[in-house]
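Participant: This is the structure, below, for whatever I ask next.
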Amino acid sequence: MLNFELKNPVKILFGKGEIAKIASEIPKNEKVLLLYGGGSIKKNGIYNQVETALKNHTWIEFGGIPANPEYDILLEALNVIKSEKITYLLAVGGGSVIDGTKFLSSAALYEGEEPWDILANGIRTEVGMPFGTVLTLPATGSEMNSGAVVSRKSIGEKLGMGGPGLFPQFSVLDPTVVATIPKRQLANGVTDAFTHVMEQYMTYPVGADLQDRIAESIMVSLIETAPKIIANPSDYTTAANFMWCCTMALNGLIQKGVPTDWAIHAIGHELTAQYGIDHARTLAVIAPSHYRYNIETKKEKLAQYAQRVWNITEGTMEQKAEAAIKKSEEFFQSMEIGTRLSDYTSQFEGTAKRIKTSLINRGWVALGEHKKVTPDDVEKIVEMSY
Ligand code: NZQ
Ligand code: ZN
């Protein structure tokens, strides 16, 4: 097992009716900016619950943060924070609203001229404006981690940021919110969370037995939960399991003491930046090719995954590894998630080269757990996914 440090200060308020508790989590003397997305919270009753909870607070709102939170729109929110002297942020939404809020938490206290530098120059946020979240879409784990991803359409970029100042002070996880999530987003949520586990697991063995077993449990639970949640998102028990799996998949726990990969996400973000494909779907496109291309360095964990998650017991290590990749593809497809780039665009020629160039320009020339996946390798992986 590798050395590690672990500190996760996020207070989780899990369960039906917990939204009311934000009243006591946010100090009364704060001036709050409530941030949300395209308006789903105004149709499904979540906004009303937040409004009731905040009846004794001073607050205003900023809506319209789009999926893949857009820098230019976030700058408008930043102006509101400054002109209205906001002191506390409350994100009510999925990964995009929470990530947008994390950017604002950092940008609100940033002293440089151009907030984009936080992303472009990888500036860590040691201290941000305090914020809490009400999660409406289980998927990213953003509600219990300190990372965020922000898009800027005008220059075709989608970049990550993070730092210890970007953990939410609290996050409300009420599984009843799952009832109104469209099928497409439920499938995205399962796929994103499943791939988060894979990125932290499909590397090489380091004798971290507990981390491996927790990761495998999350994957098995997601495989069992997926058909049930898509068929009946109103079922509370199913929704609760789905929600907690997604949070546990990326709250930092299973990545401690083990090597991690994250190449699938790095390549996937490029596909979202170029084509606007949903984040989770880019992962389903890249993961199979990435694992097939790197099978030599990943076959031990792939075979362990085959055996423990998919009950594949026959064959050599390589055969088990390939069978598990196939099972993963079929799992994504069972949720109507396409696993080839051509499922999303007919204009895919040249994509691999463009991604390669973009990675080189950014100096990202060594991806993966061994830092040996080069831009040339990425080009081949993307070509394999056409
Ligand atoms: O905008 P509204 O109207 O709220 O609608 C949203 C949006 O259209 C809708 N939705 C959310 N909750 C709902 C609901 N509709 C009905 N009922 C509800 N209860 O779902 C749509 C998608 O929302 P979004 O927040 O974009 O989805 P997701 O949670 O998948 O977030 C994706 C973003 O998170 C980033 C992705 O790159 C992408 O930008 N990620 C963040 C990570 C992190 N911070 O740790 C890690 C991930 O790997 C990922 O990169
Ligand atoms: Zn993801």
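Participant: Using bins 10 angstrom wide from zero, how does P(r) for the stretch 281-386 break down, in % of all Cα pairs?
Facilitator: Reading upward from the zero bin: 15, 40, 34, 11, 0.
Participant: Any chance you could run the full-extension gain for residue 117 through residue 73? It's 0.36 nm times the residue separation minus the Cα-Cα distance, nm to one decimal.
Facilitator: Values: separation 44, 0.36 × 44 = 15.84 nm, distance 1.63 nm.
Difference between extended and current length: 14.2 nm.
Participant: Expected output is a single nm value to one decimal: the length gained when fully extending between residue 217 and residue 24, i.e. 0.36 nm times separation in residues minus the C-alpha distance. What is it? Kindly include the intermediate steps, with their values, before the conclusion.
Facilitator: Numbers: separation 193, 0.36 × 193 = 69.48 nm, distance 3.41 nm.
Stretched fully, the residue 217-residue 24 segment lengthens by 66.1 nm.
Participant: Can you tell me the dipole magnitude for the stretch 181-384 around its Cα centre, using point charges on the Cβ only (Lys, Arg +1; Asp, Glu -1), in Debye to the nearest 20? Don't jump to the answer; show the numbers that get you there.
Facilitator: On the way: 22 positive and 25 negative charges, 50 e Å.
That gives the stretch 181-384 a dipole magnitude of about 240 debye.
Participant: Provide the FRET efficiency to the nearest 0.05 for the residue 296-residue 124 pair, computing r from the beta carbons and using R0 = 30 Å.
Facilitator: E between residue 296 and residue 124, to the nearest 0.05, is 0.30.
Participant: If you don't mind, another one. What percent of all Cα-Cα pairs in the stretch 11-177 falls in each 10 Å bin, counting up from 0?
Facilitator: With 10 Å bins starting at 0, P(r) equals 11, 44, 36, 9, 0.
Participant: How are the Cα pair distances of the stretch 186-280 distributed, in percent, across 10 Å bins from 0?
Facilitator: Calculated over all Cα pairs of the stretch 186-280, the distribution is 16, 43, 31, 9, 0 percent.
Participant: Over the stretch 11-177, calculate the relative contact order: mean separation of alpha carbon pairs under 8 Å at least 6 apart, over the residue count, as a percent. Please list the in-between numbers first.
Facilitator: Numbers: 351 pairs, mean separation 47.6, N = 167.
Reported relative contact order: 28 percent.
Participant: Nearest 10 degrees, 0 to 90: what angle lies between the long axis of helix 279-293 and the longest principal axis of the chain (Cα atoms)?
Facilitator: 20
Participant: Mind checking which lysines have their Cα closer than 22 Å to the Cα of residue 372? Skip sequence neighbours fewer than 8 apart in that chain.
Facilitator: Here the lysines satisfying the reach criterion relative to residue 372 are 256, 298, 299, 301, 353, 356, 380.
Participant: Shifting gears a bit: Provide Rg and Dmax in Å for the chain, with only Cα atoms included in the calculation.
Facilitator: Cα only, the chain: 20.3, 65 Å (Rg, Dmax).
Participant: Rounded to the nearest 500, what is the chain's calculated 222 nm mean residue ellipticity when only DSSP H runs of at least 4 contribute -39500 (n - 2.57) each, over all residues?
Facilitator: -15500 deg cm²/dmol
Participant: Once each part is reduced to its C-alpha centroid, what is the distance from the stretch 168-190 to the stretch 330-354 in angstrom?
Facilitator: For the stretch 168-190 versus the stretch 330-354, the Cα centre distance is 25 Å.
Participant: How high is the relative contact order of the chain, in percent, counting Cα pairs under 8 Å that sit 6 or more residues apart? Walk me through the numbers on the way to the answer.
Facilitator: Numbers: 725 pairs, mean separation 58.8, N = 386.
Value for the chain: 15 percent.
Participant: Could you work out how much longer the chain between residue 85 and residue 371 gets when fully extended? Use 0.36 nm per residue separation minus the Cα distance between them, nm to one decimal.
Facilitator: Values: separation 286, 0.36 × 286 = 102.96 nm, distance 4.39 nm.
That works out to 98.6 nm of additional length.
Participant: Just the number, please: carbon plus sulfur as a percent of the accessible area of the stretch 208-347, 1.4 Å probe, no ligands or DNA/RNA counted. Spell out each step's value before the answer.
Facilitator: Numbers: 2690 of 5560 Å².
The nonpolar share, carbon plus sulfur, comes to 48 percent.
Participant: Between residue 58 and residue 6, what FRET efficiency follows from the Cβ-Cβ distance if R0 is 35 Å, with the result rounded to 0.05? All intermediate terms of the calculation are to be shown ahead of the outcome.
Facilitator: On the way: r = 36 Å, r/R0 = 1.03.
After rounding to 0.05, the efficiency reads 0.45.
Participant: Just going by the charge dipole of the chain, with Lys and Arg at +1 and Asp and Glu at -1 on Cβ, which of 123, 12, 309 is farthest out on the positive end?
Facilitator: Sorting the options by dipole projection puts first 12.
Participant: Taking θ = phi - 60°, what integer Hz values does the Karplus form 6.51 cos²θ - 1.76 cosθ + 1.60 yield along the stretch 14-21, in sequence order, with x for Gly and Pro?
Facilitator: Along the stretch 14-21, the couplings run 9, x, 4, x, 6, 4, 4, 6 Hz.
Participant: How much area per residue is accessible in the chain when the probe is 1.4 Å and only protein heavy atoms are counted (Å²)?
Facilitator: Values: 16000 Å² over 386 residues.
Using a 1.4 Å probe on heavy atoms only, each residue of the chain averages 41 Å².
Participant: Could you compute the FRET efficiency for residue 380 and residue 333, with r as their C-beta to C-beta distance and R0 at 30 Å, rounded to 0.05? Present the calculation step by step, with values, prior to reporting the outcome.
Facilitator: Values: r = 23 Å, r/R0 = 0.76.
It comes out at approximately 0.85.
Participant: Still on this structure, please answer the following. Nearest 5 is fine: what % of DSSP beta bridges in the chain come out antiparallel, could you say?
Facilitator: Details: 7 of 28 bridges.
Rounded to the nearest five, the antiparallel share is 25 percent.
The values are calculated or read from the model by the stated rules, or taken from the named source; none is laboratory data. Keep in mind the model is a prediction, meaning the values are calculated, not measured. For neighbour counting, all protein chains shown are included, and Cβ atoms are generated from backbone atoms with ideal geometry for every residue, glycine included. Just the protein is used for accessible areas: all its heavy atoms, side chains included, with ligands, DNA and RNA removed. Shrake-Rupley method; radii C 1.70, N 1.55, O 1.52, S 1.80 Å.
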